[in-house]
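What follows is a single structure, written as structure tokens, with notes after it.
Where a number appears in this text, it was derived from the coordinates with a stated rule and is not lab data. Given the structure is predicted, the values throughout are model-derived calculations rather than measurements. Cβ placement follows ideal geometry from the backbone for every residue including glycine, while neighbour counts extend to all protein chains displayed.
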Amino acid sequence: MKTKIFCDIADYETIKLFNNKPIVDGFTTNPSLMRLAGAKNYKNYSLKILKTCNKKPISFEVFADKFKNMLEQAYEINSWGKNVYVKIPVVNSKGKFTGPVIKELSDKGIKLNITAVYTFEQTQKIFKNLNKKTKSIISIFAGRMADKGKDPLPIFKKSISLTKKNKNIQILWASTREAYNYTQAKQINCDIITMPPKVINQINGFGKSFKSMTLDTVKSFLADSKKSRFSL
Ligand code: G3P
């Protein structure tokens, strides 16, 4: 089984560049990445991206906090393109589970990416509300967990085993911190991993020998010592 690589970015030029790379199967954005990309008008910026990226799946997130408004935004975002996945956070800012939103949209055949997932219990609740005939993604935030000293692997393994019989429901390794996360995601048969562009580029260096890594390391230290004209 192949672990697909998505690129976690909202920057227009980067999406344009990575859309042509065969290694990249899709894209994920979120409101923070949209802000970082300098988007002023959410819809216009997204439509500009979709002119370039109109085949590979791309997720755009709702940013409303009330369920009624989330639904309105979700229908709007879904209308932007056939390759669009609507990202819905697993809870709103009050901590209320977005189950009714997920169920209504998924039952209508709208492709969803349920985001900000940190526990297996959340995966179970999401899974119950998803229509198994509709394509959906569940995004588990590995890096943010690891940043807080927690091991992301157990929740991934349990979530993958819960959803594996449903070909339409995919588990996505989100919040990637390093290239080795791709190896980890492959080892547990995770369907998708989304990675920042820098980390995707590092995958090209896979397979490099320890001998040449030692040499590169020593050479770079030597080069910096020379550039700084260190002397003792
Ligand atoms: O797009 C969701 C997720 O991948 C964000 O990752 O780096 O902000 O923890 P990060």
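Could you give the dipole magnitude of the stretch 124-215 about its Cα centre, charging the beta-carbon of Lys and Arg +1 and that of Asp and Glu -1, in debye to the nearest 20?
Its charge dipole is roughly 420 debye.
In nm, give the distance between the simple-model label positions of Leu222 and Lys48, each being 7 Å from the Cα along the Cα-to-Cβ direction.
4.7
May I ask what percent, to the nearest 5, of DSSP beta bridges between residues of the chain are antiparallel?
In the chain, DSSP labels about 5 percent of beta bridges as antiparallel.
When the chain is fully extended, how far beyond the present Cα-Cα distance does Ser231 get from Asn189, taking 0.36 nm per residue of separation?
Length gained, Ser231 through Asn189: 10.0 nm.
With +1 on each Lys and Arg Cβ and -1 on each Asp and Glu Cβ, and nothing else charged, work out how big the dipole of the stretch 4-205 is about its Cα centre, in Debye to the nearest 20.
In total the dipole reaches around 480 debye.
Cα-Cα over 25 Å: which of Lys4/Lys66; Lys125/Lys150; Lys21/Lys186; Lys2/Lys165; Lys40/Lys133; Lys40/Lys150?
With Cα atoms farther than 25 Å apart: Lys4/Lys66; Lys40/Lys133; Lys40/Lys150.
Could you line up Phe63, Phe18 from fewest to most neighbouring Cβ atoms inside 10 Å?
Final ranking by Cβ density, sparse to dense: Phe63, Phe18.
Normalising by the residue count of the chain, find the relative contact order in percent from Cα pairs under 8 Å and 6+ residues apart.
Taking the mean separation of contacting Cα pairs over the length of the chain, I get 17 percent.
Using a basic spin-label model with each label point 7 Å from the Cα along Cα→Cβ, how many nm lie between Ser209 and Asp65?
About 5.8 nm separates the two model spin labels.
Order of Met195, Met145 from fewest to most other C-beta atoms within 10 Å?
Fewest-to-most Cβ neighbours within 10 Å comes out as Met145, Met195.
If you take the beta carbon distance between Glu72 and Leu17 as r and set R0 to 35 Å, what does 1/(1 + (r/R0)^6) give as a FRET efficiency, to the nearest 0.05?
Result of the calculation: an efficiency of 0.60.
Relative contact order of the stretch 1-94: what whole-number percent is it, with Cα pairs under 8 angstrom and at least 6 residues apart?
With pairs under 8 Å counted, the relative contact order is 25 percent.
Specify the inter-centroid distance of the stretch 166-232 and the stretch 66-109, based on alpha-carbon positions, in whole Å.
For the stretch 166-232 versus the stretch 66-109, the Cα centre distance is 34 Å.
What's the FRET efficiency of Lys132 with Lys94 using the Cβ-Cβ distance as r and R₀ = 25 Å, to the nearest 0.05?
0.30
Return the FRET efficiency for the residue pair Lys158, Lys2: r is the Cβ-Cβ distance, R0 is 25 Å, and the value is rounded to the nearest 0.05.
In this case the efficiency is close to 0.70.
Calculate the dipole size of the stretch 50-161 relative to its Cα centre from +1 charges on Lys and Arg beta carbons and -1 charges on Asp and Glu beta carbons; express the result in debye to the nearest 20.
It comes to approximately 300 debye.
Using the Cα centre of the chain as origin and beta-carbon charges of +1 (Lys, Arg) and -1 (Asp, Glu), tell me which of Gly207, Thr98, Val62 is placed farthest towards the positive end of the dipole.
Checked the options; the winner is Gly207.
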